[in-house]
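**Q** Below is one structure. I have some questions about it.
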Amino acid sequence: MLKIRIHFKLISLFIFAFEQKYYMPQFPKNILAQQVIASCVAHNIEHVVISPGSRNAPLTIGFVNHPNIKTYSVVDERSAAFFALGIAQQTKKAVAVVCTSGSALLNYYPAVAEAFYSDIPLVVISSDRPKHLIDIGDGQTVRQEKVFKNHILASANLIEEADNLDTLSNILKTAIRKNGPVHINVPFDEPLYEIVDSILEINVVDTSFEETPLDVDELQKYATIWNNSKKKMVLIGSNAPSELLQVQFNKIMQDPSVIVLTETISNVHHTDFINNIDQTIFSLTDAELDELRPDILVTLGGMIVSKKIKQYLRKFQPKHHWHVDAKKAFDTYFCLERHFEITPELFFSQFFFLTPKTFPSYLDYQQKWIDLKSQRKIKHTEYLNACEYSDLKVFETVLDSIPNHTELQLGNSSIIRYSQLFDVNFGSKVFCNRGTSGIDGSTSTAIGASVVCEDQTVFITGDISFFYDSNALWNSNIKNDFRIILINNNGGGIFKFIPGPQKTNALDYFETPHNLTAKHLCKMFGFEYQQVSDLESVHKSLEDFYSESKQPILLEICTPSSKNDVILKQYFASLK
């Protein structure tokens, strides 16, 4: 019995020694890599998306082994960057992407541009050859320094065997405080795989900052103009959910001289908002549009989807246009008068103190818009009740099925535009990559958003966008409750609705018909696959589509490409 105990103790000691040898955290010996990793940790970066490679080995080893970092492996760099963007979109914190040298870095560019225009903190960390190995014919090298110069807030090329901590701190603070992409280029000489058992530690850096309120006397000048105006319009573009902003806009709707126009991705709701802009104003005459011209236009949020409202406000310009945003203002309507460089929440918190609490009974600007909205809703319902199977009818059915408290991610092009014609569940949060409005990373962004979101994520996409970003499914981090609704109309249907392409003899090059389905992609990447092609089947498939499952699920809804554009044009004609 004693021998057995001794043997058991020796075996336990052997296992312990084995675990210590093979499972102890490993960190790169390379000092430059240690500086980058320690700086990211000190600036509270918690998520790092890594694409495989050799030149980035020191960073990969360090990030994977650091207890404060959650790492994700995504092979395709373009997909990886959009995946990281989705995480940052939801957490509202900086997320890093790490790649090897060469063309790998160039694949980040679409997501970098999206982050730049959507104000999302994306930290690009690229590994590189040392400077003396650039442009001498060495493999896997390109000129990486300042490669994103037109769409980046800041960039730095680190120096080997030097103290780069101040440079790293400044660039990471820029990403966090200014909400946008930055680029850190890190030159590594070989050896790349040397390891040690400890890593540099830096004190946590305070990246928080307090906003400075606006000068009250100056703000009073604008409040006086506001208080003396009878027609005031607030237009909200792409906007992250905000409880305080929701409360503030519930209050602003108490003023009968104010109307609020929102888009699907504004994430602010009210029963009297004009939340289907194109539907409401499409068939108005110039005289009617002129009558509704606002005296004051206040805009906030990101890019506007509706082309109609942009055309309207450029032609019938308000007397005053003010934009409220802490970072930037676009002169979208060519009449921007003032940019209030402050968050909307703080702006309205101050502004409300300078506006009246009661209002004259003769003010009716808001009511005119509400009456118009009601008229259009009647026409909308009548047409949809009689509408045959098409993209339009499918959108009505799908959006009606979305459960409460869903994270709804939308693809670009036709998808986001169709969604603008319908009311989305107030309990849902809605997102779309509208910074550059590209189709290239919508699926990857949705998957990234889903991994850090407690609520179920549902992604609605078109076929061209889906197949273009099909490598998004090459990702081991996809949750079983993730859902994709793929509306397949066999090509870029929007190009049939736009009048220009059909006047040419090259429509196939715009529309790109393909006859593809997602069936084999789903089998390869472990998705449950369903396909339907009629309204009854759509309804039936959606009954348990959002229920718990052992795999993520993709529902492919095939619609008639020859009818969709005709039905949509008839829909708008019916609103008159």
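The values are calculated or read from the model by the stated rules, or taken from the named source; none is laboratory data. Just so it is clear, the model here is predicted, and its values are computed rather than measured. Here the Cβ positions follow ideal geometry from the backbone for every residue, glycine too, while neighbour counts run over all protein chains shown.
**Q** Name the residue that is nearest to the chain's Cα centre (by Cα), counting only residues in region 108-145 that are touching a residue at least 24 places away in the same chain (Cβ under 8 Å) and at positive phi.
**A** The residue in question is Asp119.
**Q** Need a quick list: helices (runs of 4 or more DSSP H) entirely within region 187-299 having at least 1 residues that are out of contact with any helix residue (DSSP H, G or I) (no Cβ under 6 Å at 6 or more places or on another chain) and under 21 Å from Ala329 (Cα atoms). Steps first, answer last, please.
**A** Working: elements: 216-227, 243-252, 277-281, 286-291.
Helices (runs of 4 or more DSSP H) meeting the threshold: 216-227, 243-252.
**Q** Something else about it: Just to be sure before I move on: is Ser283 buried (at least 16 other Cβ atoms within 10 Å of the Cβ) and either of a type in the set (D, E, K, R) or out of contact with any Asp or Glu (no Cβ under 6 Å at 6 or more places or on another chain) (or both) in the structure I sent?
**A** Working: buried (at least 16 other Cβ atoms within 10 Å of the Cβ): no; either of a type in the set (D, E, K, R) or out of contact with any Asp or Glu (no Cβ under 6 Å at 6 or more places or on another chain) (or both): yes.
Taking the combined requirement at face value, the residue does not satisfy it.
**Q** What are the residues in region 234-266 that are β-branched (Val, Ile, Thr) and without any contact (Cβ under 8 Å) to a residue 60 or more places away in the chain, if any?
**A** At the first step, the residues of region 234-266 found to be β-branched (Val, Ile, Thr) are 234, 236, 247, 252, 258-260, 262, 264-265.
Within region 234-266, Val247, Val260, Thr262 meet the criteria.
**Q** Does Asp440 satisfy being among the acidic types (Asp, Glu), out of contact with any strand residue (DSSP E or B) (no Cβ under 6 Å at 6 or more places or on another chain) and outside any strand (DSSP E or B)?
**A** On the way: among the acidic types (Asp, Glu): yes; out of contact with any strand residue (DSSP E or B) (no Cβ under 6 Å at 6 or more places or on another chain): yes; outside any strand (DSSP E or B): yes.
Criteria met by Asp440.
**Q** If you take the residues of region 385-394 that are farther than 13 Å from Lys569 by Cα and in contact (Cβ under 8 Å) with a residue 60 or more places away in the chain, which of them is farthest from the chain's Cα centre (by Cα)?
**A** First, pick out the residues of region 385-394 that are farther than 13 Å from Lys569 by Cα: 385-386, 388-389, 393-394.
Imposing the further condition that a residue be in contact (Cβ under 8 Å) with a residue 60 or more places away in the chain reduces the set to 388-389, 393-394.
Details: Glu388: 33, Tyr389: 30, Lys393: 26, Val394: 24 Å.
Only one residue fits best here, namely Glu388.
**Q** Among what's in region 518-540 and is part of a helix (DSSP H, G or I) and over 28 Å from the mean Cα position of the chain (by Cα), pick the residue that is surrounded by the most Cβ atoms within 10 Å (Cβ to Cβ). Show your work before the answer.
**A** Within region 518-540, the subset part of a helix (DSSP H, G or I) is 519-525, 535-540.
Next, only the ones that are over 28 Å from the mean Cα position of the chain (by Cα) stay: 535-537, 539-540.
Details: Leu535: 17, Glu536: 9, Ser537: 14, His539: 13, Lys540: 13.
Top of the filtered list is Leu535.
**Q** Do we find that Asn179 is in contact (Cβ under 8 Å) with a residue 60 or more places away in the chain, within 24 Å of the chain's Cα centre (by Cα) and closer than 25 Å to Gly441 by Cα in this structure? Walk me through how you get there before you give the answer.
**A** Working: in contact (Cβ under 8 Å) with a residue 60 or more places away in the chain: yes; within 24 Å of the chain's Cα centre (by Cα): yes; closer than 25 Å to Gly441 by Cα: yes.
So Asn179 passes the test.
**Q** Can you say whether Asp325 is among the charged types (D, E, K, R), more than 25 Å from the chain's Cα centre (by Cα), at pLDDT 95 or above and surrounded by fewer than 22 Cβ atoms within 10 Å (Cβ to Cβ), as far as the supplied structure shows? Working first, answer last.
**A** Numbers: among the charged types (D, E, K, R): yes; more than 25 Å from the chain's Cα centre (by Cα): no; at pLDDT 95 or above: yes; surrounded by fewer than 22 Cβ atoms within 10 Å (Cβ to Cβ): yes.
No, not satisfied.
**Q** Restricting attention to region 45-93, which residues are within 19 Å of Ser127 (Cβ to Cβ), in a loop (DSSP other than H, G, I, E, B) and either touching a residue at least 60 places away in the same chain (Cβ under 8 Å) or in the same structural domain as Val451 (by TED's automatic domain parsing) (or both)?
**A** The answer is Ile45, Gly53, Ser54, Arg55, Asn56, His66, Val74, Val75, Asp76.
**Q** Looking for something surrounded by fewer than 23 Cβ atoms within 10 Å (Cβ to Cβ) and not in a helix (DSSP H, G or I) - is there at least one such residue anywhere in region 116-128? Before the answer, list the steps.
**A** Pass one, region 116-128, residues surrounded by fewer than 23 Cβ atoms within 10 Å (Cβ to Cβ): 116-117, 119.
Narrowing the set further to residues that are not in a helix (DSSP H, G or I) leaves 119.
Looking for residues that are surrounded by fewer than 23 Cβ atoms within 10 Å (Cβ to Cβ) and not in a helix (DSSP H, G or I), one finds at least one in region 116-128, hence yes.
**Q** Limited to region 335-378, what total is found for residues that are of a type in the set (S, T, N, Q), part of a helix (DSSP H, G or I) and surrounded by fewer than 15 Cβ atoms within 10 Å (Cβ to Cβ)?
**A** Quick first cut of region 335-378, residues of a type in the set (S, T, N, Q) only: 343, 349-350, 355, 358, 361, 366-367, 374-375.
In the following step, the residues that additionally are part of a helix (DSSP H, G or I) were identified as 349-350, 366-367, 374-375.
Of the ones still in play, those that are also surrounded by fewer than 15 Cβ atoms within 10 Å (Cβ to Cβ) are 349, 367, 374-375.
Result for region 335-378: 4.
**Q** Another question, if that's okay. What number of residues within region 332-386 satisfy the criterion of being of a type in the set (A, V, I, L, M) and closer than 17 Å to Glu211 by Cβ? Outline the logic, then answer.
**A** Filtering region 332-386 for residues of a type in the set (A, V, I, L, M) gives 336, 342, 346, 354, 363, 370, 372, 378, 384, 386.
With closer than 17 Å to Glu211 by Cβ added as a condition, the list becomes 342, 346.
Within region 332-386, residues that are of a type in the set (A, V, I, L, M) and closer than 17 Å to Glu211 by Cβ number 2.
**Q** Does any residue of region 341-352 turn out to be in contact with a strand residue (DSSP E or B) (Cβ under 6 Å, 6 or more places away or on another chain) and outside the structural domain of Phe282 (by TED's automatic domain parsing)?
**A** So in region 341-352, the residues in contact with a strand residue (DSSP E or B) (Cβ under 6 Å, 6 or more places away or on another chain) come out as 344, 347.
From what's left, outside the structural domain of Phe282 (by TED's automatic domain parsing): none.
Taking every residue of region 341-352 in turn, none turns out to be in contact with a strand residue (DSSP E or B) (Cβ under 6 Å, 6 or more places away or on another chain) and outside the structural domain of Phe282 (by TED's automatic domain parsing).
**Q** Any idea which of Leu300, Leu244, Leu235 is in contact with an Asp or Glu (Cβ under 9 Å, 6 or more places away or on another chain) and surrounded by fewer than 19 Cβ atoms within 10 Å (Cβ to Cβ)? Reasoning before the result, please.
**A** On the way: Leu300 fails: surrounded by fewer than 19 Cβ atoms within 10 Å (Cβ to Cβ); Leu235 fails: surrounded by fewer than 19 Cβ atoms within 10 Å (Cβ to Cβ).
Step by step, each of Leu300, Leu244, Leu235 is checked, and only Leu244 is in contact with an Asp or Glu (Cβ under 9 Å, 6 or more places away or on another chain) and surrounded by fewer than 19 Cβ atoms within 10 Å (Cβ to Cβ).
**Q** Quick one: is Ala113 of a type in the set (A, V, I, L, M) and over 19 Å from Glu46 (Cα atoms)?
**A** Working: of a type in the set (A, V, I, L, M): yes; over 19 Å from Glu46 (Cα atoms): yes.
The answer is yes for Ala113.
**Q** Among the residues of region 541-573, count how many are touching a Lys or Arg at 6+ places or on another chain (Cβ under 6 Å) and either surrounded by fewer than 17 Cβ atoms within 10 Å (Cβ to Cβ) or among the hydroxyl-bearing types (Ser, Thr, Tyr) (or both).
**A** Of region 541-573, the ones touching a Lys or Arg at 6+ places or on another chain (Cβ under 6 Å) are 553, 565.
Retained after the next criterion (residues that are either surrounded by fewer than 17 Cβ atoms within 10 Å (Cβ to Cβ) or among the hydroxyl-bearing types (Ser, Thr, Tyr) (or both)): none.
Looking only at that region, the number is 0.
**Q** If you don't mind, there's one more thing I want to ask. When region 137-175 is examined, which residues are found to be crowded, with 17+ Cβ neighbours inside 10 Å and assigned to a helix (DSSP H, G or I)?
**A** Of everything in region 137-175, those that are crowded, with 17+ Cβ neighbours inside 10 Å and assigned to a helix (DSSP H, G or I) turn out to be Thr167, Leu168, Ile171, Leu172, Lys173, Thr174, Ala175.
**Q** Checking Val204 against (1) within 24 Å of Asn44 (Cα to Cα); (2) at pLDDT 95 or above: exactly one of these is not met. Which one?
**A** (2)
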